[in-house]
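Okay, structure first, notes after.
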C-alpha cells in the first residue's frame, strides 16, 4: 500500500495507467489508421477538421491543398507513435465516430472505476493528463466498459499545455487547477513523466501494469493497482 498525504487532487495518465497499452495500440491506433484516409477526404471541409489539417500542413511543410500528402504524413506519424497535437486531434474525431457507433468500448482495469469513485467521494478532485486529445480522453471515459466515468473528472489536459516529459507542463497544470503542486498526485507508467512532475513539485506514483515496459532504475513509489494507493486530504 502506497500512502500519500495532504492531497487536494489526483492527475492520472490513461495508457498503461487506467487502461492497457494493448487496448490503445491494438484497438484504437489501428482503427484510426484504417478510417483516416476516408475520414479526411469526407470531412476535410468541416471547420474543425480543416483547422487541424492546416496545422498538419504547417508541421510537415506540405501545401494546405495537398490532402494526399497530409494523409500520408498522418499515417506515418501513427506508425511512428508520434505525440503530434494535430494527429491526436484528428484521431479523437475518428474515435468519436467509433465509440458512438458502438464499434468498441474503452477498456479500463477493474480497480480503476471503484477507486476513482472512492477518491471522488473523499473530496479529491480528479483530472486527466494524456497525450491523447481532450476529446479522445472524454470519449474514453464516457464510453468505457465500466460505464460512463466522465462525470467523475473535473478537467482534462493534453499536449496543448505542453509535453508530458516537460516540467513546465506540470507547473501549468497546477496553475490551471488552482492547487499547489505539493497537494497534487500524478499517476503514470512512465518514469520520465513522473520525473518531470516531481521536479514541478507533484507527489508521484508509478503504475506497474501487466504489459507495461520495464521501468528501469528509479526511486518512485510503485503500485500495481489503484486499490493499493491510499490518498489522504
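The values are calculated or read from the model by the stated rules, or taken from the named source; none is laboratory data. Model, not experiment: these values are computed from the prediction. Here the Cβ positions follow ideal geometry from the backbone for every residue, glycine too, while neighbour counts run over all protein chains shown.
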*With (1) in contact with a strand residue (DSSP E or B) (Cβ under 7 Å, 6 or more places away or on another chain); (2) without any contact (Cβ under 8 Å) to a residue 24 or more places away in the chain as the list, and residue 151 as the residue in question, which single condition is left unmet?*
(1)
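Listed here are the residues, each with its yes/no results for (1) touching a strand residue (DSSP E or B) at 6+ places or on another chain (Cβ under 8 Å); (2) closer than 29 Å to residue 227 by Cβ; (3) in contact (Cβ under 8 Å) with a residue 24 or more places away in the chain; (4) surrounded by 14 or more Cβ atoms within 10 Å (Cβ to Cβ).
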| residue | (1), (2), (3), (4) |
| --- | --- |
| 11 | yes, yes, yes, yes |
| 14 | yes, yes, yes, yes |
| 27 | no, yes, yes, yes |
| 31 | no, no, yes, yes |
| 44 | no, no, no, yes |
| 50 | no, no, no, no |
| 55 | no, no, yes, yes |
| 65 | no, no, no, no |
| 77 | no, no, no, yes |
*Yes or no: residue 109 surrounded by 19 or more Cβ atoms within 10 Å (Cβ to Cβ), within 12 Å of the chain's Cα centre (by Cα) and not in a helix (DSSP H, G or I)?*
no
_For region 84-127, give me the residue count where each residue is in contact with a helix residue (DSSP H, G or I) (Cβ under 9 Å, 6 or more places away or on another chain) and under 20 Å from residue 39 (Cβ atoms)._
20
*Restrict the check to region 154-164 and report whether at least one residue is in contact (Cβ under 8 Å) with a residue 24 or more places away in the chain, exposed (fewer than 15 other Cβ atoms within 10 Å of the Cβ), in the same structural domain as residue 11 (by TED's automatic domain parsing) and touching a strand residue (DSSP E or B) at 6+ places or on another chain (Cβ under 6 Å).*
yes
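Condition check: modelled with pLDDT of 95 or more, within 14 Å of residue 14 (Cα to Cα) and in the same structural domain as residue 192 (by TED's automatic domain parsing). Does residue 126 satisfy that?
Values: modelled with pLDDT of 95 or more: yes; within 14 Å of residue 14 (Cα to Cα): yes; in the same structural domain as residue 192 (by TED's automatic domain parsing): yes.
Taking the combined requirement at face value, the residue satisfies it.
Looking at the structure I just gave you, is residue 135 over 21 Å from residue 96 (Cα atoms), within 16 Å of the chain's Cα centre (by Cα) and either touching a residue at least 12 places away in the same chain (Cβ under 8 Å) or not in a helix (DSSP H, G or I) (or both)? Outline the logic, then answer.
Details: over 21 Å from residue 96 (Cα atoms): no; within 16 Å of the chain's Cα centre (by Cα): yes; either touching a residue at least 12 places away in the same chain (Cβ under 8 Å) or not in a helix (DSSP H, G or I) (or both): yes.
Against the criterion (over 21 Å from residue 96 (Cα atoms), within 16 Å of the chain's Cα centre (by Cα) and either touching a residue at least 12 places away in the same chain (Cβ under 8 Å) or not in a helix (DSSP H, G or I) (or both)), residue 135 does not qualify.
Can you confirm whether residue 227 is part of a loop (DSSP other than H, G, I, E, B), in contact with a helix residue (DSSP H, G or I) (Cβ under 8 Å, 6 or more places away or on another chain) and farther than 27 Å from residue 96 by Cβ?
Details: part of a loop (DSSP other than H, G, I, E, B): no; in contact with a helix residue (DSSP H, G or I) (Cβ under 8 Å, 6 or more places away or on another chain): yes; farther than 27 Å from residue 96 by Cβ: yes.
Considered against the rule, which asks whether it is part of a loop (DSSP other than H, G, I, E, B), in contact with a helix residue (DSSP H, G or I) (Cβ under 8 Å, 6 or more places away or on another chain) and farther than 27 Å from residue 96 by Cβ, residue 227 comes out as no.
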*Is at least one residue of region 61-82 under 25 Å from residue 171 (Cβ atoms), outside any helix (DSSP H, G or I) and in the same structural domain as residue 30 (by TED's automatic domain parsing)?*
yes
_Criterion (over 23 Å from residue 170 (Cβ atoms) and modelled with pLDDT of 95 or more) met by exactly one of 108, 112_ = 108
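Could we say that residue 45 is outside any helix (DSSP H, G or I) and outside the structural domain of residue 212 (by TED's automatic domain parsing) here?
Working: outside any helix (DSSP H, G or I): yes; outside the structural domain of residue 212 (by TED's automatic domain parsing): yes.
Yes.
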*Please specify each residue of region 170-188 satisfying the condition of being crowded, with 20+ Cβ neighbours inside 10 Å and touching a helix residue (DSSP H, G or I) at 6+ places or on another chain (Cβ under 7 Å).*
170, 173, 174, 184, 186, 188
